[in-house]
Amino acid sequence: MTEETLSAADGEWELDELADAYAYPEERGASGAWLRANMVSSLDGAAQHEGRSQPISSDTDMRIFGTLRALADVVIVGAETVRLEGYRPARAREVFAERRAAAGQGPAPAIAVVSASLNLDFSLPLFASPLVPTLVLTGATAPVERVRAAREAGAQVLVAGDGASVEPARAVAALAERGLTRLLTEGGPRLLAQFITAGALDELCLTVSPMLTAGRAQRIADGPGVTVPEKFALASVLEEAGFLFTQYRRI
Ligand SMILES: NC(=O)c1ccc[n+]([C@@H]2O[C@H](COP(=O)([O-])OP(=O)(O)OC[C@H]3O[C@@H](n4cnc5c(N)ncnc54)[C@H](OP(=O)(O)O)[C@@H]3O)[C@@H](O)[C@H]2O)c1
């Protein structure tokens, strides 16, 4: 792959251009899937401001966010992000309909929520009225009542861990077994850190936001670290209004 830096000097990118730029590669990891993360960070490494990522994002960041969703089979997200960011189900978007059909995908990606406690509001549209049933990834010892509540709401509960926690590699394998191989995680930082340390992350789409926040916000990956830093290669960079939209792939 060649590195490229494109600037939106002539106006904003068409969604089709973005979809081409972010197409999933043909190659797959050992799991049979490709796991990409999409995160935004301030210049000084904050992954949120006052508990939300929106203040460090931009309209173009959200266009790319939407495009990455439109290319994915499933969007994996940690329960705390669902709780704090008021997550909604993915929409079917006319502009991506033909592309998704050609890729053998349904009209919208499923959302897969990772949770041990299942302390989630199952009456929310994310669980009660999605276009595609929402998946809940949890451990084998998840509270039985909460598993029942999730299923009654219409969610599909997948067990991907022997204890209370989900094992990241098992989560990827469980999704791949269901034919969901174009994976996108939108964090949050505690979940992303686990995909990184498990060696399960193939690609990071990182938006560098031209803002400084100081303070004590989380970084994009928050949790125990790896023993040896893992190397990623720059695959592409887009620039708009000082925001850098980078794409790095595992070497
Ligand atoms: N900058 C960005 O791009 C970005 C992206 C997303 C989120 N954020 C920000 O990040 C913050 C939230 O992120 P966070 O790191 O605190 O939380 P998170 O990763 O979204 O969610 C953590 C929760 O996910 C569940 N979880 C994580 N790993 C698990 C495992 N192995 N097994 C079972 N469950 C597991 C647990 O849920 P239970 O407690 O239910 O068991 C845990 O409490 C928010 O402020 C949000 O705005 C920023």
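Some observations on this one:
- Under 5 Å between amide hydrogens, built in the peptide plane, is the criterion, and for GLN156 it picks out THR134, LEU135, VAL136 among residues at least 5 positions away or on other chains.
- GluC sites (Glu not before Pro) within the stretch 17-96, DSSP loop, no more than 15 other Cβ atoms inside 10 Å: GLU26, GLU27, GLU50
- Across the alpha-carbon atoms of the stretch 117-172, the computed radius of gyration and Dmax are 11.0, 31 angstrom.
- Cα-derived Rg to Rh of the stretch 99-251, Kirkwood definition: 0.99
- Shown here is the pair-distance distribution of the stretch 166-233: with all Cα-Cα distances grouped in 5 Å bins from zero up to the longest one, the shares run 3, 13, 23, 24, 17, 11, 4, 2, 1 percent.
- Cα-based Rg of the stretch 30-147 normalised by 2.2 N^0.38 Å, two decimals: 1.15
- Per residue Cα convex hull volume in Å³ - calculated over the stretch 65-125: 84 Å³
- Antiparallel bridges, percent of DSSP beta bridges restricted to the stretch 1-148 (to nearest 5): 10 percent
- Rounded Å value of the spacing that divides the Cα centres of the stretch 177-238 and the stretch 122-137: 25 Å
- Distance in nm between pseudo-label sites at GLU98 and LEU43 (7 Å out along the Cβ direction from Cα): 4.2 nm
- Computed [θ] at 222 nm, deg cm²/dmol, the chain (DSSP H ≥ 4; -39,500 (n - 2.57); rounded to nearest 500): -7500 deg cm²/dmol
- Here the simple spin-label model places points 7 Å from the Cα toward Cβ, and for ASP162 and SER123 these points are separated by 3.9 nm.
- Springs join every pair of Cα atoms under 10 Å in this Gaussian network model of the chain, and among PHE195, PHE127, PHE232 the largest mean-square fluctuation is at PHE232.
- Net +/- balance of residues flanking GLY188 in space, Cβ distance below 9 Å, scoring K and R +1, D and E -1: -3
- Pairwise label distance in nanometres, ALA241 with ALA140, each label 7 Å out on the Cα-Cβ vector: 5.0 nm
Every number here is computed from the coordinates shown, using simple stated rules; none is lab data. The structure presented is a predicted model; accordingly, all values stated were derived computationally and were not measured. Don't worry about glycine lacking a Cβ; one is built from the backbone with ideal geometry, like all the others, and counts go over all protein chains shown.
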